[in-house]
There are 4 protein chains.
Amino acid sequence: MKAVVYKEPFKVVVENVDDPTLLHPNDVIVQVTSTCICGSDLHMYEGRTAAQPGIVFGHENMGTVVELGNAVTTLKQGDRVVMPFNVGCGFCKNCERGFTGFCLTVNPGFAGGAYGYVAMGPYPGGQAEYVRVPYADFNCLVLPAGTEHEADFALLADIFPTGYHGAYLAEVQPGESVAVFGAGPVGIMAAYSCIIRGATEVYSVDRVPERLEVARKIGAIPINFDQGDPVEQIIAMRDGEGVDKGIDAVGYQACGAQAAREIPNTVLSDLTRVVNATGILGIPGLYVPSDPGGVDENAKQGLLLMPFGKMFEKGLVLKTGQCNVKRYNRYLRDLIIAGKAKPSFVVSHEVPLSEAPMAYEKFDKRIDGYTKVILKPTQG
Amino acid sequence: MKAVVYKEPFKVVVENVDDPTLLHPNDVIVQVTSTCICGSDLHMYEGRTAAQPGIVFGHENMGTVVELGNAVTTLKQGDRVVMPFNVGCGFCKNCERGFTGFCLTVNPGFAGGAYGYVAMGPYPGGQAEYVRVPYADFNCLVLPAGTEHEADFALLADIFPTGYHGAYLAEVQPGESVAVFGAGPVGIMAAYSCIIRGATEVYSVDRVPERLEVARKIGAIPINFDQGDPVEQIIAMRDGEGVDKGIDAVGYQACGAQAAREIPNTVLSDLTRVVNATGILGIPGLYVPSDPGGVDENAKQGLLLMPFGKMFEKGLVLKTGQCNVKRYNRYLRDLIIAGKAKPSFVVSHEVPLSEAPMAYEKFDKRIDGYTKVILKPTQG
Amino acid sequence: MKAVVYKEPFKVVVENVDDPTLLHPNDVIVQVTSTCICGSDLHMYEGRTAAQPGIVFGHENMGTVVELGNAVTTLKQGDRVVMPFNVGCGFCKNCERGFTGFCLTVNPGFAGGAYGYVAMGPYPGGQAEYVRVPYADFNCLVLPAGTEHEADFALLADIFPTGYHGAYLAEVQPGESVAVFGAGPVGIMAAYSCIIRGATEVYSVDRVPERLEVARKIGAIPINFDQGDPVEQIIAMRDGEGVDKGIDAVGYQACGAQAAREIPNTVLSDLTRVVNATGILGIPGLYVPSDPGGVDENAKQGLLLMPFGKMFEKGLVLKTGQCNVKRYNRYLRDLIIAGKAKPSFVVSHEVPLSEAPMAYEKFDKRIDGYTKVILKPTQG
Amino acid sequence: MKAVVYKEPFKVVVENVDDPTLLHPNDVIVQVTSTCICGSDLHMYEGRTAAQPGIVFGHENMGTVVELGNAVTTLKQGDRVVMPFNVGCGFCKNCERGFTGFCLTVNPGFAGGAYGYVAMGPYPGGQAEYVRVPYADFNCLVLPAGTEHEADFALLADIFPTGYHGAYLAEVQPGESVAVFGAGPVGIMAAYSCIIRGATEVYSVDRVPERLEVARKIGAIPINFDQGDPVEQIIAMRDGEGVDKGIDAVGYQACGAQAAREIPNTVLSDLTRVVNATGILGIPGLYVPSDPGGVDENAKQGLLLMPFGKMFEKGLVLKTGQCNVKRYNRYLRDLIIAGKAKPSFVVSHEVPLSEAPMAYEKFDKRIDGYTKVILKPTQG
């Protein structure tokens, strides 16, 4: 089958690889109809991880069940399904408590597995015609038959739940104000999720005018940090007050104004300033324990200089970690079906799988409006 | 009246000051029967804060109501009461949600007030014969009449709730394992609280043999970090596993092995290593945004180098801040009355108020077994 | 001053009564600008309670602070405020945990107080030119100066929070389905609150076409129980499935189809059938322990025949009780200010205080569209 | 193999039945070493259910894995395991949220499955030499090898978690007072769990002196309702106050004083009286929607006359339903291993499987001290 294969930094190709087969009775094979390129794929693409050539990318996958292991109970051939980017077993100490992003079974020696990602276990990615799904009863979310909402549902694999995760971690409640740092796909999904949860003012902080315009359109208040300290801007708008909650949808590659340079702790520092005492910071933005491309020795080891004295004085709560997609995907699916959420507004392009190399390049360079791309393997 | 007055670094005296008077109709005056010296008093005593000469120390106060403002509703003369170290109003946005340690009313411009503490508002301390208590209906917890449990109840002002706060923040549940860093008075109260909440293994990490012996006596597992990496010791005891939860009862003056030097981030780093993925860190140990005596430029500004990449990878939750005493003191009082908790085992000395200067000196030097001192103003 | 005084069943008059005065240093006097008639006022109006002639009605009050006791801290003359219908002290065991509807101080011998209501303590109602507010720092919510949102803010005293309380008790989350029984003012506020909290399908069950039309307009799905078993209607719409959560906004005067007769347990029975196993029932609808007008001996004593075997089999949770308004009113106020909620769509009439007798009569008879009336004492 | 087979009301025999075989790749076969008789087995034994002759009883099973389906991942031959009485799949909407007692997969058309129980799915009981365990990775809790704590671990299948469930539902916290109705095996486990969770006063209400003596020994306060109204007894002991929380560990076969007759609603009525306003009732005691042996027409249909007006006035919360064993068994296991819980004090007899008929008879008649029996199939 055709698949997107990583070759070397800044180079992926679409080439033939072996078709996936059932390796375990609880597996299914899914024919992929939609598979997104994620910002975290770019970490590997840019050579900023230990990913080795030959890996098939793709952890945001949906499609149709075409083959089932004989232990699979509730799925059947032809089911339209979307899979969390996390691979979970469903029965370990973490999965049974809902922490499916930290499964202890699927990637021995580590808490958590994923498709098509370095160090996340033996699960080839789904930027391909087919993908193998382990513990399929647990990992497949069944969707209504047909083709409706395809792009919305595709986002249930990762970025809609991951954005929602930020709002959930921050315990955003109706009537609260929130500062969301980052208005890329995850950040915009976080702002959108805050609005779904009933937040009053949602401040969306970024420096890219197109992103800020999207934030404005969904009802958030855009804050351009190239135009001044975003904390001061927000506090000025609020008559001197801070906000109830904060979300970091940026992570370790945070930049200063004008993107002059990476300042890994800038978002956490700003959140500490702008969030009121007793507030909560939801942190879905990725931080890593090892970053060979880090700006200094500390950054390379995942060490951040944090205003912890101020955090303590304010009694802040910091909640971190990758999204446990299964905690949210069923409910977010139902919001889409009910017409109460339509996250696909964030999708900029849908292209055949064969155009993946071009899409990676443009997305990586943020040119031609490439902000969120869905690859369509069934379209070539 | 007599009171403990700060003069200069390493010098307090007991001298006459004006008696407190009712300044507001919701005030009461309490005749102090017990008032403890707190480890955080030593921060001021050592000149490591901006505290000015003349301040009366004492935020861990209990006694008898002797005079009442005319708006006070439920208290009456002769009531035996203990006051949280926090001063709260009871009706601001933070107090009404239970965050009484972050009151927005009593110390304008800051979230939180306390008695006898630098920058915590105009509330003279209770290391004195009398103390004024504002918003008395809210801030006084009524105790059974008499003298029973006096030392236990005195600890309800701060260290028993503050230790419990650590266990509460970490959401310690029956059947869980916990690593508690620090076995000083607050740390030992945190370990004790974990046991009250039904924890299985509670690892108590310190380097002072006497403290570790107390930990052992209450059923915790002592870990001496002078005898090797405490994380490795714990993990070895657990057949290679970490613990479910962690508590930092040390704070910013954390030391390395042999207490050779302050390493402000060492406890947070160790907790990140020893707590399992999906775990929670309860952090009652004090961190400050400004520490003139800090070991380096970052420490002086309350900036800590933290293993945030690893924290994120493990999906850890960090919960910080001073204790909201009122959230717990009523329940802890009832545990004492029912004979299910007897925290006074941590008290090393009870001395007349007049001996405060000696007690401060010995406690500061940790000599002659001075670990937790109660001053008794009614005894001279 | 002028006030609405209860004379006998089905008779209220507007007559002169003594002006309220400050009885306690924590009191304020509020000049009433808006005060609503509540469905629960009709219980007294109809003589279905032990209310004695002479009582001044009115527990949904807002206005302007005109006089302050000398212990009041944060309010000032001229502040525009709205008061919860509950009277709370702010410092008892229940208030301090947020259960301000069950205050142990303000109505000795009972848990909970209110204005202008039988057996709820010595607090004359606010359907008058002025009203006394005890513990004013605690019980007044300050609003933006001016006259904007007057009708929306007036609903913060009771029905918006009470409706929200139903959704809060039922723990309605984004993506969930809910059946709300009752589309009167509280029921419609409950449905509205479910939508604010992100519910997908909200089924609004009633038999009055005008109410069902309002439900439809706000995005709920109307279910007319005169047209068939509402449970079967909902389940048919859901392809055989029940709903995640349920809200009873009807209470003890529930009627069967065609309103042929009162069937006090019909709503709870229906909810037990329509809510899925593991679901939660939020029950803000009033049930009383004594109802002289009850349909039978059991009803007179507040005893209901409930399908408890089925409730247990499904593992249902029932959460009851009057609304703790202060838990929500600050946040709901901010939703109104931000333009994210506009509950005044439920108000049918605003009339001068002098027209109260007519308004009571029409509201009681549900004629001329009287469904929710705001009295305006400053307009005569 | 030998198994306990139900023949007719009041008659079980031990006879040969077919050995269980692997029916699904996720199954394992467990050789049973301990299997308890449960009070709910007596409902079937007494003919008070629709159970048909031929059913093999036994839902409280532990033993050794002897055969594994080829999809089982984490178990291996020889593992010592205990199984929740619930059968769950691990991946349905209810299991994934922790409601494993309400699995939607294993017993189609109903929420929840169990071993050896009428209407709970095709899962023969474990009062036999062997038992088949479906979804074995999910349903088996691995225990330390060996024979230590055998009786304690056996209780992890049902009554220890079920008692704990009562305390969990009631959200019992350190410092709270609780009334536990019923001091049979589940009730005593509930009282024990309250103590583990840090309750102060735990009132254990029953009429059997031996049970009350056990309650006293574990630190609860015995209340004999044959000696007077239990509510009045408790309130008198508390100087006129009620309790914070309540647990119903009795269920639908509740009796009045002297056990003169069944009064199905007596426990719920008493709890409503004795629990303070804002309290929570945890209800693990079984109520059924159909009881052919009920005392009247309502009881036969699972309808109870409840003091719902008073419940509402007090703002009580009622939480019902069978225990989701997997939510607790891992933690309770660890309490046993750590020596912090030893629930086997409740076991009265351990007998070979062959003596099951005698044990059923004596347990049913409550003679010779038969209160909790463990059958030992490996001992004959």
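Bear in mind that the values in this text are calculations on the coordinates, not laboratory data. Small disclaimer: the values here were computed from a predicted structure and weren't measured. FYI the Cβ positions are ideal-geometry reconstructions off the backbone, even for glycines, and counts take in every protein chain you see.
Taking amide H positions as placed in the peptide plane 1.01 Å from N, state which residues far from A:GLY175 in sequence (5 or more) or on other chains have amide H under 5 Å from it.
So A:GLY175 has HN proximity to A:ALA199, A:THR200.
Evaluate 2.2 N^0.38 Å with N set to the residue count of segment A:238-337, then give the Cα radius of gyration divided by it. Don't skip to the answer; put the middle values down first.
On the way: Rg = 15.7 Å, N = 100, 2.2 N^0.38 = 12.7 Å.
The reported ratio for this selection is 1.24.
If each label sits 7 angstrom from Cα along the C-beta direction, how far apart, in nm, is B:ILE263 from its counterparts in the other copies?
Computed spacing set for this position: 3.0, 6.7, 7.2 nm.
Show me the trypsin sites (Lys or Arg not before Pro) within segment C:244-295 that DSSP assigns to loop and that have at most 12 other Cβ atoms within 10 Å of their Cβ. It would help to have the intermediate numbers written out before the result.
Details: sites: C:LYS245, C:ARG261, C:ARG273; in loops: C:ARG261.
Those that pass, being in a loop and sparsely packed, are C:ARG261.
Given a Förster radius of 35 Å and the C-beta distance between D:ASN70 and D:PHE10 as r, what FRET efficiency does 1/(1 + (r/R0)^6) yield to the nearest 0.05? Spell out each step's value before the answer.
Working: r = 43 Å, r/R0 = 1.22.
Efficiency at R0 = 35 Å is approximately 0.25.
Can you give me the Cα centroid spacing of segment C:163-188 and segment B:172-229 in angstrom?
That distance is 45 Å.
Taking the Cβ of each residue in D:ASP18, B:ASP244 as the centre, tally the other Cβ atoms inside 10 Å and list the residues starting with the fewest.
D:ASP18, B:ASP244
Between the DSSP loop rule and a limit of at most 16 other Cβ atoms within 10 Å, which chymotrypsin sites (Phe, Trp or Tyr not before Pro) in segment D:1-85 are left?
Values: sites: D:TYR6, D:PHE10, D:TYR45, D:PHE57, D:PHE85; in loops: D:PHE10, D:PHE57, D:PHE85.
Those satisfying the criteria are D:PHE10.
What is the set of long-range amide H partners of C:PHE10 at a cut-off below 5 Å, with H atoms built 1.01 Å from backbone N?
Here C:GLU46, C:GLY47 satisfy the definition.
In whole angstrom, how far apart do the alpha carbon centroids of segment C:306-351 and segment A:243-261 sit?
37
According to a simple spin-label model (label point 7 Å from Cα along Cα-to-Cβ), what is the distance in nm between C:LYS342 and D:ALA50?
5.4
Taking N as the number of residues in chain C, what is its alpha-carbon radius of gyration divided by 2.2 N^0.38 Å? Each step should come with its number before you reach the end.
On the way: Rg = 20.0 Å, N = 380, 2.2 N^0.38 = 21.0 Å.
Dividing the Cα Rg of chain C by 2.2 N^0.38 Å gives 0.95.
Let's test the formula: R0 of 35 Å, r as the Cβ-Cβ distance of A:LYS300 and A:GLU213. What FRET efficiency results, to the nearest 0.05?
Calculated transfer efficiency: 0.50.
Which FRET efficiency value, to the nearest 0.05, is calculated for B:VAL118 and C:VAL118 with the Förster distance at 60 angstrom and r the Cβ-Cβ distance? Intermediate results must be reported in sequence, preceding the final value.
Values: r = 52 Å, r/R0 = 0.87.
Working from the Cβ atoms, E equals 0.70.
Sorted from fewest to most neighbouring beta carbons within 10 Å, what does the list D:ILE283, B:ILE218, A:ILE263 look like? Working shown, then result.
Details: D:ILE283 31, B:ILE218 18, A:ILE263 15.
Neighbour counts put them in this order, fewest first: A:ILE263, B:ILE218, D:ILE283.
In deg cm²/dmol, rounded to 500, what helix-only [θ] at 222 nm does the protein assembly as shown give when every DSSP H run of at least 4 residues adds -39500 (n - 2.57) and the total is split over its residues?
On the way: 48 runs with 378 residues, N = 1520.
Roughly -6500 deg cm²/dmol at 222 nm, from the helical runs in the protein assembly as shown.
Apply the Karplus curve 6.51 cos²θ - 1.76 cosθ + 1.60, θ = phi - 60°, to the phi angles in segment C:340-346 and return the couplings in whole Hz, x for Gly and Pro.
Values, residue by residue: 8, 9, 9, x, 5, 4, 7 Hz.
For A:MET306, list long-range residues whose amide hydrogen, built 1.01 Å from N in the peptide plane, is under 5 Å from its own amide hydrogen.
Distant-sequence amide H within range of A:MET306: B:LEU304, B:LEU305, B:MET306.
Taking a threshold of 26 Å on the Cα-Cα distance, which of the pairs B:LYS319/D:LYS245; C:LYS217/D:LYS314; C:LYS217/C:LYS362; A:LYS319/D:LYS314 fall above it? Don't jump to the answer; show the numbers that get you there.
Values: B:LYS319/D:LYS245 28 Å; C:LYS217/D:LYS314 35 Å; C:LYS217/C:LYS362 24 Å; A:LYS319/D:LYS314 36 Å.
B:LYS319/D:LYS245; C:LYS217/D:LYS314; A:LYS319/D:LYS314, as the Cα separations exceed 26 Å there.
Quick one: Cα convex hull volume of segment A:1-145, Å³ per residue? Don't jump to the answer; show the numbers that get you there.
Numbers: hull volume 15.0 nm³, N = 145.
For segment A:1-145, the hull spanned by Cα atoms encloses 103 Å³ per residue.
If you put a point 7 Å past Cα along the Cβ direction, how far is that point for D:THR21 from the same point in each other copy, in nm, smallest first?
Counterpart label points of D:THR21 in the remaining copies fall at 2.8, 9.4, 9.6 nm.
Can you give the translational diffusion coefficient of the protein assembly as shown in µm²/s, computed by Stokes-Einstein from the Kirkwood radius over Cα pairs at 4 °C and 1.567 mPa s? Let's see the in-between values first.
Values: Rh = 34.1 Å.
It comes out at roughly 38 µm²/s.
Quick check on the exposure proxy: order C:PHE91, C:PHE345 from fewest to most C-beta atoms within 10 angstrom.
Working: C:PHE91 26, C:PHE345 14.
Taking fewest neighbouring Cβ atoms as first place, the list is C:PHE345, C:PHE91.
Run the quick spin-label model on C:GLN379 and C:PHE110: label points 7 Å from Cα toward the beta carbon, then report their separation in nm to one decimal.
3.2
Distances from C:ALA236 to the same residue in each other copy, label points 7 Å out along Cα→Cβ, in nm, shortest first?
Spacings between copies for this position, smallest first, are 5.9, 6.0, 7.2 nm.
First check a/c for segment A:110-209, with a ≥ b ≥ c the square roots of the eigenvalues of its C-alpha gyration tensor; if it is under 1.5, answer rounded, and if not, answer prolate when a/b is larger than b/c or oblate otherwise.
Numbers: a/c = 2.09, a/b = 1.77, b/c = 1.18.
It is prolate, given that a/c is not under 1.5 and a/b is the larger ratio.
How about segment C:277-380: which trypsin sites (Lys or Arg not before Pro) there are in a DSSP loop, with at most 15 other Cβ atoms within 10 Å of their Cβ? If you can, show how the numbers build up before the last one.
On the way: sites: C:LYS300, C:LYS310, C:LYS314, C:LYS319, C:LYS326, C:ARG327, C:ARG330, C:ARG333, C:LYS340, C:LYS362, C:LYS365, C:ARG366, C:LYS372; in loops: C:LYS340, C:ARG366, C:LYS372.
Those that pass, being in a loop and sparsely packed, are C:ARG366.
Quick check: pseudo-label points 7 Å beyond the Cα along Cα→Cβ at B:ALA260 and C:ARG330, how many nm apart are they?
Result for the modelled spin labels: 4.9 nm.
When DSSP assigns beta bridges and you keep just the ones with both residues in the protein assembly as shown, what percent turn out antiparallel, to the nearest 5?
Values: 137 of 233 bridges.
Antiparallel: roughly 60 percent of the beta bridges in the protein assembly as shown.
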